[in-house]
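J.: One structure, as structure tokens, below. Some questions next.
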Amino acid sequence: GQNIDQPTEMTATEGAIVQINCTYQTSGFNGLFWYQQHAGEAPTFLSYNVLDGLEEKGRFSSFLSRSKGYSYLLLKELQMKDSASYLCAVRDRGSSNTGKLIFGQGTTLQVKP
Amino acid sequence: DTEVTQTPKHLVMGMTNKKSLKCEQHMGHRAMYWYKQKAKKPPELMFVYSYEKLSINESVPSRFSPECPNSSLLNLHLHALQPEDSALYLCASSQGQGVTGANVLTFGAGSRLTVL
């Protein structure tokens, strides 16, 4: 089966750095995605990792360690608009080599002034 | 065009009604998805279509019936729903469903369904 764990809630201060962790267990790992979802809106893609290491994209970075089943999303220079839910999602390789994206519970980040 | 468009944005229906949710994309994506999201919960996969064929059905009750008329359109037909089916229904698309490459999902804004 699959299991994805991330903290339910986090709070950080504007201008600071925050790290959101995600651990996963899956039978056919084939990539890890981070999505941002503002309340009442659609999830939007932030990052994708399939190999170990750090992927940097502006203020956002994502790290993956496949051997540890672990990823984190790092947000720098936090802004008020970064208050949102951050969803860790694992693509599981199913039958016929097709992918299935499974989401974790999401981490609600509140950025305070 | 880099959007997935869903209609209607809001839908209220009774348990005996028949309604449909519609989804459209013009990005040339060949995989399309329906997800269900309850409040403060993550999206849960319902169906996946790949090249207009149903490739994944996550044991969804038959009162939900998906349809993919062509590569740009995806419908979800609703009949005899229960109040617990009230949720945000998200449509998404990706270039393919394969496991090579990112095949990032692009989500629509969702259709918020209330079943009375």
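J.: Run A:E77 past the list (1) touching a strand residue (DSSP E or B) at 6+ places or on another chain (Cβ under 9 Å); (2) part of a loop (DSSP other than H, G, I, E, B); (3) modelled with pLDDT of 90 or more and report the number of the one that doesn't hold.
T.: (1)
J.: To continue, here is another question. Residues being under 16 Å from A:A89 (Cβ atoms) and at pLDDT 85 or above: count how many of those fall in segment B:93-107.
T.: 6
J.: So, B:K38, is that one more than 11 Å from chain A (Cβ to nearest Cβ), in contact (Cβ under 8 Å) with a residue 40 or more places away in the chain and either buried (at least 20 other Cβ atoms within 10 Å of the Cβ) or in contact with a Cys (Cβ under 9 Å, 6 or more places away or on another chain) (or both) or not?
T.: Values: more than 11 Å from chain A (Cβ to nearest Cβ): yes; in contact (Cβ under 8 Å) with a residue 40 or more places away in the chain: yes; either buried (at least 20 other Cβ atoms within 10 Å of the Cβ) or in contact with a Cys (Cβ under 9 Å, 6 or more places away or on another chain) (or both): no.
Spelling it out, it is not the case that B:K38 is more than 11 Å from chain A (Cβ to nearest Cβ), in contact (Cβ under 8 Å) with a residue 40 or more places away in the chain and either buried (at least 20 other Cβ atoms within 10 Å of the Cβ) or in contact with a Cys (Cβ under 9 Å, 6 or more places away or on another chain) (or both).
J.: Hey, can you tell me all the residues within segment B:81-91 that are outside any helix (DSSP H, G or I) and surrounded by 15 or more Cβ atoms within 10 Å (Cβ to Cβ)?
T.: The first filter runs over segment B:81-91 and keeps only residues outside any helix (DSSP H, G or I), leaving B:81-82, B:86-91.
Once the filter is applied, which keeps residues that are outside any helix (DSSP H, G or I) and surrounded by 15 or more Cβ atoms within 10 Å (Cβ to Cβ), segment B:81-91 yields B:L81, B:S86, B:A87, B:L88, B:Y89, B:L90, B:C91.
J.: Return yes or no: is A:G15 surrounded by fewer than 19 Cβ atoms within 10 Å (Cβ to Cβ), in contact (Cβ under 8 Å) with a residue 40 or more places away in the chain and not in a strand (DSSP E or B)? Quick ask: steps written out before the conclusion?
T.: Numbers: surrounded by fewer than 19 Cβ atoms within 10 Å (Cβ to Cβ): yes; in contact (Cβ under 8 Å) with a residue 40 or more places away in the chain: yes; not in a strand (DSSP E or B): yes.
Against the criterion (surrounded by fewer than 19 Cβ atoms within 10 Å (Cβ to Cβ), in contact (Cβ under 8 Å) with a residue 40 or more places away in the chain and not in a strand (DSSP E or B)), A:G15 qualifies.
Okay, residues lined up against (1) of a type in the set (V, I, T); (2) touching a strand residue (DSSP E or B) at 6+ places or on another chain (Cβ under 6 Å); (3) surrounded by 15 or more Cβ atoms within 10 Å (Cβ to Cβ); (4) assigned to a strand (DSSP E or B):
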site: B:T5; (1), (2), (3), (4): yes, yes, no, yes
site: B:V12; (1), (2), (3), (4): yes, yes, no, yes
site: B:L21; (1), (2), (3), (4): no, yes, yes, yes
site: B:P42; (1), (2), (3), (4): no, yes, yes, no
site: B:M46; (1), (2), (3), (4): no, yes, yes, yes
site: B:L54; (1), (2), (3), (4): no, no, no, yes
site: B:S59; (1), (2), (3), (4): no, no, no, no
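J.: Quick one: A:R91 ticks every box in (1) farther than 26 Å from B:G110 by Cβ; (2) among the charged types (D, E, K, R); (3) touching a residue at least 40 places away in the same chain (Cβ under 8 Å) except a single one, so which number is it?
T.: (1)
J.: If you take the residues of segment A:36-65 that are touching a Gly at 6+ places or on another chain (Cβ under 9 Å) and assigned to a strand (DSSP E or B), which of them is surrounded by the fewest Cβ atoms within 10 Å (Cβ to Cβ)?
T.: A:S65
J.: So, one more: Select from segment A:66-108 the residues that are farther than 25 Å from B:G98 by Cβ, within 14 Å of chain B (Cβ to nearest Cβ) and buried (at least 19 other Cβ atoms within 10 Å of the Cβ) and list them in ascending order.
T.: Matches in segment A:66-108: A:A84, A:S85, A:Y86, A:G106, A:T107.
J.: Just to be sure before I move on: is B:S72 without any contact (Cβ under 8 Å) to a residue 60 or more places away in the chain, surrounded by 14 or more Cβ atoms within 10 Å (Cβ to Cβ) and within 12 Å of chain A (Cβ to nearest Cβ) in the structure I sent? Don't jump to the end; show me each part of the working.
T.: Values: without any contact (Cβ under 8 Å) to a residue 60 or more places away in the chain: yes; surrounded by 14 or more Cβ atoms within 10 Å (Cβ to Cβ): yes; within 12 Å of chain A (Cβ to nearest Cβ): no.
No.
J.: Of the residues A:A12, A:A39, A:A16, which is under 27 Å from A:P113 (Cα atoms), facing chain B (nearest Cβ under 10 Å) and among the small types (G, A, S)? Spell out the reasoning first.
T.: Numbers: A:A12 fails: facing chain B (nearest Cβ under 10 Å); A:A16 fails: facing chain B (nearest Cβ under 10 Å).
One residue alone meets the criteria, A:A39.
The values are calculated or read from the model by the stated rules, or taken from the named source; none is laboratory data. Everything numeric here is computed off the predicted structure, so don't read it as measured data. Methodologically, a virtual Cβ is constructed for each residue, glycine included, from the backbone with ideal geometry; neighbour enumeration extends over all protein chains shown.
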